[in-house]
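Notes to accompany the following structure.
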Amino acid sequence: MLGDYCCKRIRTSSLCYDMVHYGHSNQLRQAKGMGDYLIVGVHTDAEISKHKGPPVFTQEERYKMVRAIKWVDEIVEGAPYVTTLETLDKYNCDFCVHGDDITLTVDGKDTYEEVKREGRYRECKRTQGVSTTDLVGRMLLMTKAHHSNMDNPDYQQHTDNFGKGPKGHSPWTGVSQFLQTSQKIIQFASGTEPQPGDTIIYVAGAFDLFHIGHVDFLEMVYKQAERPYVIVGLHFDQEVNRYKGKNYPIMNIHERTLSVLACRYVSEVVIGAPYAVGKDLLDHFKVDLVCHGKTEVFPDKDGSDPYAEPRKRGIFRTIDSGNNLTTDDIVQRIIENRLQFEARNQKKEAKEMAVIEAMKKREQQDQSEAAAQAAH
């Protein structure tokens with residue numbers, strides 16, 4: 001809480017949500033803690049393209065993704081890129097919140113200049129170790145080593161292309177490594193136990209690059225019961241790589257855990273769930289229903305059906321979410337627009353470095369003026 005500055009309605013704005021990841025969710029979690037009603041402004045594709053470059057997801061996909069984050073009360077579609085007092089007043093917001101990274105317009109101006117000047121701006125901490133820049137780079141890297149081998153030449157080339165400008169390294173765009181803590185999991189977890197009368201539904205998978213296809217599936221799963229308690233089993237990285245191959249998963253198990261926990265349709269996550277949904281798991285969680293999407297069910301290591309037990313019990317259900325988007329599709333979007341994405345991030349980095357240099361010069365000037373006054 002921010003004392004006297006904490007207000008009833010908050011708007012977190014100038015958020016592109018180009019790829020909605022757990023860093024964005026953590027920002028919204030922090031913002032919600034500053035008030036009691038959180039309105040999120042999400043920009044159009046045209047606005048993002050003008051100021052940042054090509055978005056990975058369409059605006060309709062991004063609107064739905066942000067709505068699915070459990071700390072969000074309302075979204076404003078097509079929010080203006082530059083946040084003004086007029087916008088805050090229009091939606092009856094006391095102040096806006098943004099991360100501690102800088103957001104610039106196409107001509108290099110701070111998008112929050114006006115609200116900062118009027119004292120209606122609040123800041124939350126950026127989540128270290130994740131950015132759209134890094135996730136895009138991992139997809140382009142196409143190697144199995146991106147989770148652990150940060151020193152290999154391929155990864156260094158990726159950071160050069162996506163995290164470094166011509167005049168140095170920006171702390172906002174640069175790549176860093178995510179470090180999971182128990183506290184972070186607690187902050188994201190619902191902390192609620194299943195209650196008598198709840199229908200316990202279990203789903204399992206990779207849920208990599210948590211996207212709108214996953215949201216649509218989980219929403220349909222949630223609608224399978226009047227009082228659903230949805231448990232998501234996440235497979236370890238090695239297991240995901242076994243059945244998906246290539247460079248999957250893009251996100252490691254810790255990142256995927258936070259991404260899924262942030263979804264309003266999820267009650268609990270099993271970290272490192274067994275691939276086969278067997279008797280022990282079903283009995284332990286007292287599972288009433290097991291769901292799977294229309295995507296292919298890969299056999300277990302011994303060639304057996306991982307859903308044999310729930311099928312035998314008659315509690316297995318195939319869910320058609322109506323959305324066929326896969327992680328493969330997203331990677332393909334990135335690969336097709338590789339040069340545009342590289343250019344976008346290098347341009348963004350250059351603008352950030354220019355701001356850093358200007359801030360340093362201003363600080364040196366202030367120090368010189370203070371020293372001169374002290375001498376007199």
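Data for the structure
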| quantity | calculated |
| --- | --- |
| Simple label model, 7 Å out from Cα along Cβ direction - LYS360 to GLU296, nm | 5.2 nm |
| Links that overshoot a 28 Å alpha carbon limit, given the list LYS32/LYS116; LYS32/LYS52; LYS246/LYS286; LYS223/LYS246 | LYS246/LYS286; LYS223/LYS246 |
| Of all accessible heavy-atom area on segment 182-318, the percent that carbon and sulfur account for (1.4 Å) | 50 percent |
| In order through segment 46-58: 3J(HN,Hα) via Karplus (6.51 cos²θ - 1.76 cosθ + 1.60), integer Hz, x for Gly, Pro | 4, 5, 5, 4, 5, 9, 10, x, x, x, 6, 9, 6 |
| Additional length obtainable on full extension of the chain from ARG317 to GLN238, 0.36 nm per residue less Cα span | 25.8 nm |
| Other-chain or far-sequence residues with amide H under 5 Å of TYR121's (modelled H) | CYS96 |
| Mean separation of Cα contacts under 8 Å, 6 or more apart, over the residue count of segment 182-318: relative contact order % | 28 percent |
| Computed E for GLU86/ASP110 - FRET, C-beta separation, R0 22 angstrom, nearest 0.05 | 0.80 |
| Set of segment 283-307 residues, backbone N closer than 20 Å to the point 7 Å along the Cα-Cβ line of GLU226 | 287-290 |
| Per residue, in Å², the accessible surface of segment 247-327 once ligands and nucleic acids are set aside, probe 1.4 Å | 47 Å² |
| Integer Hz, Karplus 6.51/-1.76/1.60 couplings in order for segment 361-371, x for Gly and Pro | 5, 5, 5, 5, 5, 4, 5, 5, 5, 5, 5 |
| Whole-Hz ³J(HN,Hα) from phi, Karplus 6.51 cos²θ - 1.76 cosθ + 1.60, for segment 191-205, glycine and proline x | x, 9, 8, x, 9, x, x, 6, 9, 8, 10, 10, 10, 9, x |
| Amide H within-cut-off set for VAL270, under 5 Å, with H built and near neighbours excluded | VAL232, GLY233, LEU234 |
| Extension gain from ALA189 to GLU118, taking 0.36 nm per residue of separation minus the Cα-Cα distance | 22.0 nm |
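The values are calculated or read from the model by the stated rules, or taken from the named source; none is laboratory data. No experiment lies behind these values; they were computed from the predicted model shown. Virtual Cβ from ideal backbone geometry, glycine too; neighbours counted across all protein chains shown. Surface accessibility is based on the protein's heavy atoms, side chains included, excluding ligands, DNA and RNA. Shrake-Rupley method; radii C 1.70, N 1.55, O 1.52, S 1.80 Å.
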